[in-house]
Amino acid sequence: MTFSTARLLAFAKPDYWPWTDRLGRFSLLKTIVFVALFVPAIWIVIQYDEGWLGPRLLTEMIHQTGDWTVRLIVIALAVTPLRHAGQWPKLVGVRRMIGLAALFYGLWHFSLYTIDQQLDPVRIASEIVLRVYLTIGFIALLGLVVLGLTSFDSAIMRMGAVAWNRLHKLVHPIAVLAVLHFFMQTKLDEFQPTLMLGFLIYLEGCRVLVWRRIKLGFLPLAGFAIVSAILTALGEAGWYAVATRVHAILVLNANLSLRMGLRPAWWILIAGLLFALLGGVRQWMKTRKQAPGPQRTREARAA
């Protein structure tokens with residue numbers, strides 16, 4: 001049997017399918033996530049087929065695929081905090097899948113951009129070099145490609161766990177670059193980029209809590225939800241002040257007023273408090289489960 005044939009047969013094993021776990025058993029969680037990751041792509045194709053993308057359909061497709069790339073990077077970063085707060089270890093099994101989906105949408109995003117540039121390599125290269133926001137986005141995409149190519153078990157075996165983990169920590173600066181690119185390419189409405197910034201701030205804060213071995217219970221998560229909301233509001237105000245020269249106080253006042261609807265900072269606060277509630281409930285359930293029952297307590301006292 002040749003090496004390539006052996007690799008092909010290994011890939012055909014049940015544990016390589018996206019809807020099975022490492023033991024080859026059907027996983028409902030992985031199946032749901034796998035199907036959900038195709039929904040945005042299907043919706044974009046439907047919009048294109050039905051003519052719902054407006055007169056600049058290619059530009060709109062570029063924006064939508066780029067938006068989903070950033071969203072999926074943020075969702076992938078949410079797996080570890082959610083796994084700790086929700087005490088759901090099986091959740092780690094979908095992180096690779098979400099990361100590869102982010103790479104897929106990122107490559108689709110870049111492919112559409114090259115088509116928009118008439119597939120002219122000189123023009124594409126010069127645009128990437130001369131336009132800072134394109135340079136930032138391209139660097140983030142290259143980082144995603146590297147992480148995608150080394151996301152498989154064979155890469156872990158070749159590199160070793162320590163080197164592999166060190167490499168894949170690049171997802172954090174990649175996320176920062178992706179959000180920055182999102183901000184810079186958005187011309188007017190910065191709602192979505194600000195929302196992604198807020199989620200990124202909150203998730204990175206949760207990772208710091210995990211790193212410091214602080215249990216993700218209600219109080220730490222709720223406290224950081226408030227901090228993240230404030231930082232999100234300040235980030236939005238600062239961006240508008242620098243990019244559009246709108247006075248930061250006006251933007252902060254808009255965040256405090258509900259007449260214009262809920263601004264990103266409010267959504268970060270709401271999402272963070274719900275996440276804190278999840279962590280608090282799961283922590284309470286774990287404590288109650290570990291507490292001795294009345295019968296065992298009486299037996300211990302009698303002994």
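The values are calculated or read from the model by the stated rules, or taken from the named source; none is laboratory data. None of these values were measured; they are calculated from a predicted model. So basically every Cβ, Gly included, is an ideal-geometry build from the backbone, and we count neighbours across all protein chains shown.
Quick check on the range 47-63. Is at least one of its residues surrounded by 19 or more Cβ atoms within 10 Å (Cβ to Cβ) and either among the acidic types (Asp, Glu) or at pLDDT 95 or above (or both)? Step through it out loud before you land on a result.
Taking the range 47-63 first, the residues surrounded by 19 or more Cβ atoms within 10 Å (Cβ to Cβ) are 61-62.
Pick out the ones that are also either among the acidic types (Asp, Glu) or at pLDDT 95 or above (or both) and you get 61-62.
Yes, there is a match, as at least one residue in the range 47-63 is surrounded by 19 or more Cβ atoms within 10 Å (Cβ to Cβ) and either among the acidic types (Asp, Glu) or at pLDDT 95 or above (or both).
Residues that are in contact (Cβ under 8 Å) with a residue 24 or more places away in the chain, at least 1 per element: which helices (runs of 4 or more DSSP H) completely within the range 22-132 meet that? Spell out the reasoning first.
Numbers: elements: 28-36, 39-50, 57-85, 95-116, 121-130.
Answer list for the range 22-132: 28-36, 39-50, 57-85, 95-116.
Inside the range 82-94, can you point out the residues that are crowded, with 21+ Cβ neighbours inside 10 Å and under 16 Å from His168 (Cβ atoms)?
Of everything in the range 82-94, just one residue is crowded, with 21+ Cβ neighbours inside 10 Å and under 16 Å from His168 (Cβ atoms), namely Val94.
Among the residues of the range 123-154, write down those that are exposed (fewer than 15 other Cβ atoms within 10 Å of the Cβ) and small (Gly, Ala, Ser).
Matches in the range 123-154: Ala125, Ser126, Ser154.
How many residues, within the range 218-248, are in contact with a Gly (Cβ under 9 Å, 6 or more places away or on another chain) and at pLDDT 85 or above? I'd like the intermediate steps shown before the answer.
Here is the first cut: in the range 218-248, the ones in contact with a Gly (Cβ under 9 Å, 6 or more places away or on another chain) are 218-222, 224-229, 231-233, 235-236, 248.
Next cut, at pLDDT 85 or above only: 218-222, 224-229, 231-233, 235-236.
Total meeting the criteria: 16.
Restricting to the range 20-33, what's the tally of residues that are surrounded by fewer than 16 Cβ atoms within 10 Å (Cβ to Cβ) and either of a type in the set (Phe, Trp, Tyr) or touching a Gly at 6+ places or on another chain (Cβ under 9 Å) (or both)? Don't jump to the end; show me each part of the working.
First, the residues of the range 20-33 that are surrounded by fewer than 16 Cβ atoms within 10 Å (Cβ to Cβ): 21-26, 28-29, 31-32.
Filter once more, keeping what is either of a type in the set (Phe, Trp, Tyr) or touching a Gly at 6+ places or on another chain (Cβ under 9 Å) (or both): 21-22, 26, 29.
Of the residues in the range 20-33, 4 are surrounded by fewer than 16 Cβ atoms within 10 Å (Cβ to Cβ) and either of a type in the set (Phe, Trp, Tyr) or touching a Gly at 6+ places or on another chain (Cβ under 9 Å) (or both).
Take Ala229 and decide whether it is more than 22 Å from Ala140 (Cβ to Cβ), more than 21 Å from the chain's Cα centre (by Cα) and crowded, with 16+ Cβ neighbours inside 10 Å. Explain how you work it out, then say what you get.
Details: more than 22 Å from Ala140 (Cβ to Cβ): yes; more than 21 Å from the chain's Cα centre (by Cα): no; crowded, with 16+ Cβ neighbours inside 10 Å: yes.
No.
Specify which of the listed residues (Val242, Val208) is surrounded by fewer than 13 Cβ atoms within 10 Å (Cβ to Cβ), within 18 Å of the chain's Cα centre (by Cα) and either on the phi > 0 side of the Ramachandran plot or not assigned by TED's automatic domain parsing to the domain that holds Ala85 (or both). Give the steps one after another, and end with the answer.
Numbers: Val242 fails: within 18 Å of the chain's Cα centre (by Cα).
Only one candidate qualifies: Val208.
Restricting attention to the range 157-205, and to residues there that are acidic (Asp, Glu) and under 21 Å from Asn255 (Cα atoms), which single residue is surrounded by the fewest Cβ atoms within 10 Å (Cβ to Cβ)? Write out each step before concluding.
Taking the range 157-205 and keeping what is acidic (Asp, Glu), we get 189-190, 204.
Retained after the next criterion (residues that are under 21 Å from Asn255 (Cα atoms)): 189-190.
Numbers: Asp189: 8, Glu190: 20.
The selected residue is Asp189.
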